[in-house]
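A.B. asks: Handing you a structure now.
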Amino acid sequence: LLTIVRMIGMKFKFYADENVPSDLTVELQRLGCNVLTAYEAGHANQGIPDTEVLAIATMLGRSVLTCNRSDFIDLHRRGIEHGGVIVCKEDKDIVAVGQFLYQYLLTQDDLTNRLLRVFRQNQRGLSEPVLIIREY
């Protein structure tokens, strides 16, 4: 069963830009996701514009993984073709964010031209905020 889950996790490939916490990329990789970081791609500390980050990821057949919500939502809304964007807010339990995202991705077939935002939100009747995914 673990092999099947890991094969499903490899269905999506990600390009993690510079502002993604390393604990998130490590957790997704541990779960079997194919995550290429900006550092591994030789793009760290270069101040690459977000439009170029999106173009690089798309050219590589990868979805962007970022914490840069406003800029990537804007790019997505402009109708620029892309391989998908996942926006995660920095979180005190970023490993749980990775696990939650992974479980969600198991239910998805394709991220092309989709933008998903993962964040915690207060829910009526619950004392703690819960993780949710909103699609733009």
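A.B. asks: Roughly how compact is the chain, stated as its Cα Rg over 2.2 N^0.38 Å to two decimals?
C.D. replies: Expressed relative to 2.2 N^0.38 Å, the Cα Rg reads 1.02.
A.B. asks: For n ≥ 4 DSSP H runs only, could you compute -39500 (n - 2.57) per run for the chain, divide by its residues and tell me the 222 nm figure to the nearest 500?
C.D. replies: Working: 5 runs with 48 residues, N = 136.
One gets -10000 deg cm²/dmol as the mean residue ellipticity at 222 nm.
A.B. asks: Report ³J(HN,Hα) in whole Hz for each residue of segment 36-42, in order, from the Karplus equation J = 6.51 cos²θ - 1.76 cosθ + 1.60 where θ = phi - 60°; Gly and Pro get x.
C.D. replies: Values per residue, Gly and Pro as x: 9, 8, 4, 4, 5, 7, x Hz.
A.B. asks: To continue, here is another question. Just grab the label-to-label distance for Asn19 and Thr112, each label 7 Å out from Cα along the Cβ direction, in nm (one decimal).
C.D. replies: Each label point lies 7 Å from its Cα, and together they span 2.8 nm.
A.B. asks: Leaving out same-chain residues fewer than 8 places away, which aspartates and glutamates sit with a Cα under 15 Å from that of Lys13?
C.D. replies: Cross-link targets: Glu27, Glu40, Asp109, Asp110.
A.B. asks: Sort 39-52, 75-88 by packing, meaning the average of other beta carbons within 10 Å per residue, with the highest value first.
C.D. replies: Numbers: 39-52: 12.1, 75-88: 18.1.
Answer by packing, highest mean first, reads 75-88, 39-52.
A.B. asks: Still on this structure: With r as the distance between the Cβ atoms of Ala41 and Lys92 and R0 = 22 Å, compute the FRET efficiency 1/(1 + (r/R0)^6) and round to 0.05.
C.D. replies: Details: r = 28 Å, r/R0 = 1.27.
E(calc), rounded to 0.05, equals 0.20.
A.B. asks: Quick check: at a probe of 1.4 Å, how many percent of the accessible area of segment 21-105 sits on carbon and sulfur atoms? Write out the running numbers ahead of the final one.
C.D. replies: Details: 2070 of 4210 Å².
Answer for segment 21-105 is 49 percent, counting heavy atoms of protein chains only.
A.B. asks: I've got another one for you. Give me the percent relative contact order of the chain, please, defined on Cα pairs under 8 angstrom at least 6 residues apart.
C.D. replies: Values: 216 pairs, mean separation 30.9, N = 136.
23 percent.
A.B. asks: Further question on the same structure: Show me, for segment 84-92, the HN-Hα J-couplings you get by feeding each phi into the Karplus relation (A = 6.51, B = -1.76, C = 1.60, θ = phi - 60°), rounded to Hz, glycine and proline as x.
C.D. replies: x, 9, 10, 10, 10, 7, 4, 9, 5
A.B. asks: Under the rule of at least 5 residues apart or a separate chain, name every residue whose amide H is placed under 5 Å from the amide H of Val35.
C.D. replies: Phe14
A.B. asks: Under 5 Å between amide H atoms, partner at least 5 residues away or on a different chain: which partners does Arg114 have, H built in plane at 1.01 Å?
C.D. replies: Gly84, Val85
The values are calculated or read from the model by the stated rules, or taken from the named source; none is laboratory data. Computed from a predicted model, the values in this text were never measured in an experiment. Quick reminder, even Gly has a Cβ in these numbers, built from the backbone with ideal geometry, and neighbours come from all protein chains shown. Just so you know, the surface numbers come from the protein's heavy atoms only, side chains and all, with ligands and any DNA or RNA stripped out. Shrake-Rupley method; radii C 1.70, N 1.55, O 1.52, S 1.80 Å.
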